[in-house]
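Let me begin by presenting the structure, written as structure tokens, before commenting on it.
The values are calculated or read from the model by the stated rules, or taken from the named source; none is laboratory data. Since the structure is predicted, the reported quantities are computational estimates derived from the model, not experimental observations. Cβ atoms come from the backbone with ideal geometry, glycine included; neighbour counts cover every protein chain shown. Ligands, DNA and RNA are stripped out before the accessible areas are found, and what is left, the full protein with its side chains, is counted by its heavy atoms. Shrake-Rupley method; radii C 1.70, N 1.55, O 1.52, S 1.80 Å.
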Amino acid sequence: MESCDVGGRQQGPIWHRKPGPAARRGVMINIIHSVKGYHSKTIRFLNVAFDSSGDSLLAGDHQGNIYVFDLNGNRFNLVQRTMQACTALAFNLRRRTEFLVALADYSVKCFDTETKELVSWMRGHDSSVSSISVHGSGRYAITTSTDTAQLWDLDTFQRKRKLNVRQSVGIQKVFFLPLSNTILSCFKDNSVFAWEFDTLRCKYQLPTPIEGSVLLYKVFAVTRDGRIFVAGGKSNNLHLWCLESRQLIRIIQMPANVRAVRHLEFLPDSFDGGSNQVLGVLSQDNIMRFIHIETCKLLFDIGSHEVGISTAAASPNGRYIASVMENGSLNLYSVQALTQEGNKPPPPMFKVVEDSSKCLSEANKLTMRVTSGRSERPWKSKGSKIETRLLKLQGNTSLENKENELPGGLNKKHLQALLKGFGEYPAKYRMFVWRSLLQLPENHLAFSSLIDKGTHTAFVNIQNEYPIKSRKLLRVLQRTLSALAHWSAIFAETPYIPLLAFPFVKLFQNNQLICFEVVATVVVNFCQHWFEYFPNPPVNVLSMIENVLAHHDKELLQHLIKYNVTSQVYAWPLLETLFSEVLTREEWLKVFDNIFSNHPSYFLMIVVAYIICSRAPLLHCNQTGDFEYFFHHRNNLDINVVIKEAYHLVEATPLDIHPQRMLDDFIPLTKGQYPVFNKYPKFIVDYQNQEWERIRQDEIEYLRERQLVHELEAKAQERKAEDEAWYQKQKLLREAEEQRRKMLLEEEEKLAEQRQRLAAVKRALKVQELQFLDASRRRFLKYQQDQHQMELKRLDDEIARKVSMRERETAATVQDVEVRRMELESQRQLSEQHLIKDQEAVTKEMREEVDARRRRVDLEDHLVQRLMEIDREENQKAQIVAEENLAKAEQKRVGTNWRLQALHKLRRGDQDREKRYEEIAKLLHDNRVKEAELLKAVREAEEKTWEEVIQKKAQLEEEQKAAAAADVHRKQFLEDKMKDALEMAEKLQREDGYFGERIERLCDLKAGRTERGVELQHVPRSGNICLNDLSASESSSHMSLNRRREELACQERELMAEVRQLRRKLTSLARTRHLPARFQATKWTP
């Protein structure tokens, strides 16, 4: 067995030499994934899946590595690293290079094997995904977890539907049925539902298993044609359901060492048409057994107790089986090699057949045990009575119409004329003509009820008696014969019924309903009186043939009688095989074209005609074996001559011996239900059934006893083998014990010698240790003496150092006291100098500030004078413009009206502004009150400066009054319809704003002078200040004056800030107004 290690490689060959069909136990290759390094280990494979062709294999390991194995190209490739374990795989999508993988994080991803890229990521599950089922078209997929199943569209990768169940129920598996649009859902309570894929409507539910056969379903499998459904669980029984009839058709019992089923897998076959017959069953002992579900024969098994199987998958083409082993490796099996091993002669094993008298339930009647040899199913009882039903002719139609009118618009006379002209019907329309001639009712429901009853016990092993190569043909023959047996019990006991039905089965194998009805019509009409002498051949029918032969060829009949050749030799083989043994396909079809087109008696005439036409070779036969051989093999005979001879016999035979007199006319099968067929000796059939049942019971009893004997023999052999093994083991144990005892003695002697040597070494080491201890003790004593001496010397040095240090500290302290006194004296003198310098600097600064303020005041006075001159010049210009405008007033009379309206609006605005001005006046009044308080507080400090400021303020007030008068004059002028006066008013307003800024600067100058005056009041007049003259009272009064001065300065700054804010408001209002204010200019009050 060759092994392939994919560890450390992303691609490479699978095998160096492809194994042949004779591989050991069918194993073609063993694939492992090992990691080499400091800690070498093997990574376990978890899941495996084949593609739709079966030539490529997809496998995922525990670390999320996904490999594709091309079995035809002998290459493997690492297509993806998901970095997490995969729980399910699917490789049969519509796009052949894509695959689905379910991961441990409950998500499902789609990857491409060629590009190795992520195609889509599907989320939605809350637990691990256990299976992925893909629709036959490859466009849809179903992912299943324990709590939900979700339907995905693989074109858009969107979720279409979601199946939710109660937590107490749980989902086992949801999957698509092959070759159909049906979804099958299996739940933990053993319920199985079928859903329509397009509408998701529930189609049906499988019934609950009958009593005595209930098991907890865990694993499931379906054949490729979607007809057979197998379920298994914690038992050694398997339930086989027919999904067409929705019934439990069989219970397969696995061997006793199988206690639970872990996995089920059908093994496909290229020639079975999808109705798979080989089922792989993986049990709890990790061995996968492959059985035939019809014969219940164990074909082969894979795996062992040492290296068990965890899961497995079969390729769709049925060539390979891939299994994940318990040790984490991957085995690839060849089905051809396994079947070759399975076909070898197996060891003798015996099946166990249950006694039907003890197995009263239906489950036990259906139960079949799996054996390695031939198996038989128990027969069903035929004790039920069969009702008698007579066929009645319709009275409303005449015999002529019944003979001539056929379904499909055909006429029997026309067909007969056509047949006589051409000798046969056209091959293209032959089946249609036959169906019309036989007037088949096509009772689908009745036929389905017969098929649903399953394979009849009489035809379970029909392949042993009739080994047909085509499995499909064998299956159709088996179903047709079973339906005939279920229709009437006589057909289960008739040995020649397979020979009679086989030609029609081969002809109508694609339509089983037509096949059954054709055979049933032939039996009812063309096999009349065949079963009256059952189980003997129909003597009455053979007598009719013999009478006709005697009338037309007496010499031939005498020759046959001479050599004891009866009608059972020359006529019955032709009848029971319907000429299928002696005619070719074309000849047989031509013969039955004529048989179906004539009266049933024509069938007997064909037999007589065949014998008469074979007259020459029969007269030369003189042995019974020759006659038998002649009527069982094809002969050189023209079938057209036989047909013509049969027509001649029909016309030339007298009525007293004519078979038409004794045979009924053609009667088709009834519609809806098939007629009751009871034209046979019922007591004989019942007696045969009883005898068969008795034989079966005896056989069951014999097999049970033989099985018990073999079990006892096996137990005895097993016990003997166990005893021999026990004695052998005891012998080996004694030998091992003696050997161990000798080894222990040798080891004890060696140990004693080692102990002696160790004791000597210990003594030598002890002596050396004592010597070392003595030397170290002496060395330590000397060290202690040296330490004491050094300590005493150190103490002496420390005492001397402290004495000298104390003397130095005393001298330094005396010097420090002297230096401190000198420092205090110099510090006092330095402080006095600083005070004098500060006083001089303050005096100089005040002087410079007073000079600067004086210069600033002079400059502002000059600016005020300049402003007044400019104002007078502008007034003169305004008067000149007014005189010119008065001259033009007469010419602008037309525009007076709209100007008056504008002036009215302006007046309303003036009224609003007057109200605002009143508020401003009130604010100014409050401001003047505060300024008066401020002026009163600083008047005593700087009286002379204040007088100059008052004079300037008076001048400013006069100028303001003059400006106000000019404003009133300009207002009156504007009221006389002067448009350009507005521009002059805006200029005056800008001048008023500039003048307000000048006043604000004067106020700032006044406040600065006031502050300096207050400071000068607190500065002493004397030029020299001595620190010795300062007393505690003077210092306290100086601090209180400083504090008062700071408070006054703070209040003054706050007041001036408010004044500046009010001035800004006044300036902004003056700039925005169009007319001058109507209230008097404000006054500065002391």
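At a glance:
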item	result
Residue-by-residue Karplus 3J(HN,Hα) for the stretch 254-263, coefficients 6.51, -1.76, 1.60, Hz, glycine and proline x	6, x, 5, 6, 9, 9, 8, 10, 9, 7
³J(HN,Hα) computed for each position of the stretch 188-203 - Karplus, 6.51 cos²θ - 1.76 cosθ + 1.60, integer Hz, glycine/proline x	6, 8, 6, 7, 10, 10, 10, 10, 6, 5, 5, 9, 6, 9, 5, 7
Accessible area in the full protein assembly, largest first, 1.4 Å probe, for Trp946, Trp121	Trp121, Trp946
Set of aspartates and glutamates with alpha-carbon distance to Lys766 below 18 Å, sequence-local pairs under 8 removed	Asp774
The stretch 13-117: trypsin sites (Lys or Arg not before Pro) falling in loop per DSSP and having at most 15 other Cβ within 10 Å	Arg17, Lys36, Arg94, Arg95, Arg96, Lys116
The stretch 246-345: GluC sites (Glu not before Pro) in DSSP loop, at most 10 other beta carbons within 10 Å	Glu306
Solvent-accessible surface ranking, highest first, for Tyr466, Tyr333, Tyr429 at 1.4 angstrom	Tyr429, Tyr466, Tyr333
Cα centroid of the stretch 414-434 to Cα centroid of the stretch 584-652, whole Å	20 Å
Probe 1.4 Å - accessible area at Met790, Å² to nearest ten	120 Å²
Rounded to the nearest 20 debye, dipole of the stretch 434-578 from Cβ charges on Lys, Arg, Asp, Glu	580 debye
Cross-link pairs Lys203/Lys453; Lys203/Lys506; Lys837/Lys930 - those with Cα-Cα distance over 26 Å	Lys203/Lys506; Lys837/Lys930
Translational D in µm²/s for the stretch 251-333 (Stokes-Einstein at 10 °C, 1.306 mPa s, Kirkwood Rh from C-alpha pairs)	121 µm²/s
Label-point separation in nm, Ser270 to Arg1053, each point 7 Å along Cα→Cβ	10.9 nm
Which listed pairs, of Lys162/Lys472; Lys412/Lys644; Lys782/Lys802; Lys877/Lys961, have C-alpha distances above 28 Å, in listed order	Lys162/Lys472; Lys782/Lys802
Glu98 long-range amide H proximity, modeled H, under 5 Å	Thr113
R0 of 22 Å, Cβ-Cβ distance Leu824-Lys844: FRET efficiency to nearest 0.05	0.10
Euclidean distance between Cα centres, the stretch 809-837 to the stretch 52-83, Å	100 Å
Positive-end extreme of charge dipole, the stretch 127-279 - chosen from Tyr140, Leu151, Ser180 (charges on Cβ)	Leu151
Sequence of Met605, Met83 when ordered by accessible area, the most exposed leading, probe 1.4 angstrom	Met83, Met605
Residue-level accessible surface for Arg828, protein heavy atoms, 1.4 Å, Å²	80 Å²
Carbon and sulfur %, accessible surface of the stretch 689-737 computed with the full protein complex present, 1.4 Å	55 percent
Spin-label pair Ala932/Asn317, simplified geometry with 7 Å Cα→Cβ offset, distance in nm	12.1 nm
Cα lying deepest toward the dipole's positive end in the stretch 507-638, options His632, Pro600, Cys621, charges on Cβ	Cys621
Distant-in-sequence amide H partners of Phe300 (H built 1.01 Å from N, under 5 Å)	Phe290
Neighbourhood net charge (12 Å Cβ-Cβ; Lys/Arg +1, Asp/Glu -1) for Val165	+1
Under Karplus coefficients 6.51, -1.76 and 1.60, residue-wise ³J(HN,Hα) of the stretch 657-664 in Hz, glycine/proline x	10, 6, x, 5, 6, 9, 9, 6
Label-point separation in nm, Glu958 to Asp698, each point 7 Å along Cα→Cβ	16.6 nm
Pairs from Lys116/Lys160; Lys428/Lys671; Lys36/Lys729; Lys109/Lys188; Lys234/Lys715; Lys18/Lys729 whose Cα-Cα separation, in the structure shown, is over 32 Å	Lys36/Lys729; Lys18/Lys729
